[in-house]
1. Determine, from the Cβ-Cβ distance of residue 300 and residue 55 and an R0 of 25 Å, the FRET efficiency 1/(1 + (r/R0)^6), rounded to the nearest 0.05.
2. For the stretch 99-168, give me the percentage of DSSP beta bridges that are antiparallel, rounded to the nearest 5 percent.
3. Could you give the length gained by full extension between residue 159 and residue 69, i.e. 0.36 nm per residue of separation minus their alpha carbon distance, to one decimal place?
4. On a full-extension model of 0.36 nm per residue, what is the gain between residue 29 and residue 326, subtracting their alpha-carbon distance, rounded to one decimal in nm?
5. Using the Kirkwood formula on the Cα atoms of the chain, what hydrodynamic radius do you get, in angstrom to one decimal?
6. Calculated from DSSP H runs of 4 or more alone, at -39500 (n - 2.57) each and per residue, what is the 222 nm mean residue ellipticity of the chain, nearest 500?
7. Using the alpha-carbon atoms, what tilt in degrees (0 to 90, nearest 10) does helix 347-358 show relative to the longest principal axis of the chain?
8. Shape of the stretch 1-110 from its Cα gyration tensor (a ≥ b ≥ c, root eigenvalues): rounded if a/c is under 1.5, otherwise prolate when a/b > b/c, or oblate?
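Read the figures in this text as sums done on the coordinates, not as results from a lab. Model, not experiment: these values are computed from the prediction. Neighbour counts run over all protein chains shown; Cβ positions are idealised from the backbone, glycine included.
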Ligand code: PLP
């Protein structure tokens, strides 16, 4: 008898760890050294979590053996509440804060708690694909709105407007954006809020890269812009605090919570059902939010992340047939490839070919729900020496590549 996966998974896709990764692992088993640039995992590239956080988790370990309150330990939620006050997100109480095993778990809870079969949720295109996967798994329909490469990858407001209908329940905003690195100006955020206000929609604002900003980029928390719309903000320790493996994230409800009491009851049920998130990691949150955590040094001129971004960007755009909007935030580049020049009709095949020839693992643009086979995503987390090697290999790959 064949044991089959649930039909619920038929349209669920998460290609960042998809079939090409399997091939990369197979090559590794054969003894090849593969440079994996497919996930935003700072720790494995030598970006250590701040000492203070690690020490506090170790020191508190003995007090972290039991379950915590479902929403999380009070001290951590209080620290998130204070962070809201600093950021101008008003009216947030510790009760409005849920801790999770990373933002990932909270995205899933937020979608499971909201969507009935056929309900629609507006998600950027390209997106961080967990948003699409989670809403589809919850029975909803992911409707993608266009982000425009020609306008620094900003969301196309007319496209959002045209896709709102009576089934639409919410709008997802990822800012700073993964995969594009775009950081949105206030006017765009305010216009999205205005649409939510007009149509009674919830805003889901994924701000996990809020502190990873380059040049003159300024991050504006959505929750600071309105108190009459329900805004659900997501953040955590994985990126700004380089502690992805600890699995610590938080979700904040702000704005018009009154209209959402039934939805909030749903969130509470789901939060209770998973008992609680990883308690030792919760005990790093207060320290993370309270102290000096060095991320500013990494993104300031001369800082490691900033230097790597600048270095690789120049290399990348000097390759004939490749162009890229320079990222203003986050850890990724989302370059465009000239499909005519390279005869590309299948971007997964392109990523396979790059893997086989250069021993570098990237992710195809369609893995981010981008419809054309003309982009790929890579992290610029490795040290300059490794990035230089990747650049040289990609350059020679694209010198001769024609897809067959
Ligand atoms: N949201 C975005 C935009 C991400 O890029 C990621 C991870 O790459 C996540 C959420 C998930 O983060 P976490 O490690 O907190 O689950």
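1. Details: r = 25 Å, r/R0 = 0.99.
Here the calculated transfer efficiency is 0.50.
2. On the way: 2 of 9 bridges.
So the antiparallel bridges in the stretch 99-168 amount to around 20 percent.
3. Working: separation 90, 0.36 × 90 = 32.40 nm, distance 4.15 nm.
Going from the current span to full extension adds 28.3 nm.
4. Numbers: separation 297, 0.36 × 297 = 106.92 nm, distance 3.51 nm.
Answer, rounded to one decimal: 103.4 nm.
5. Values: mean 1/r = 0.0458 Å⁻¹.
Here the Kirkwood hydrodynamic radius works out to 21.9 Å.
6. Taken over the chain, the calculation gives -11000 deg cm²/dmol.
7. 60 degrees
8. prolate
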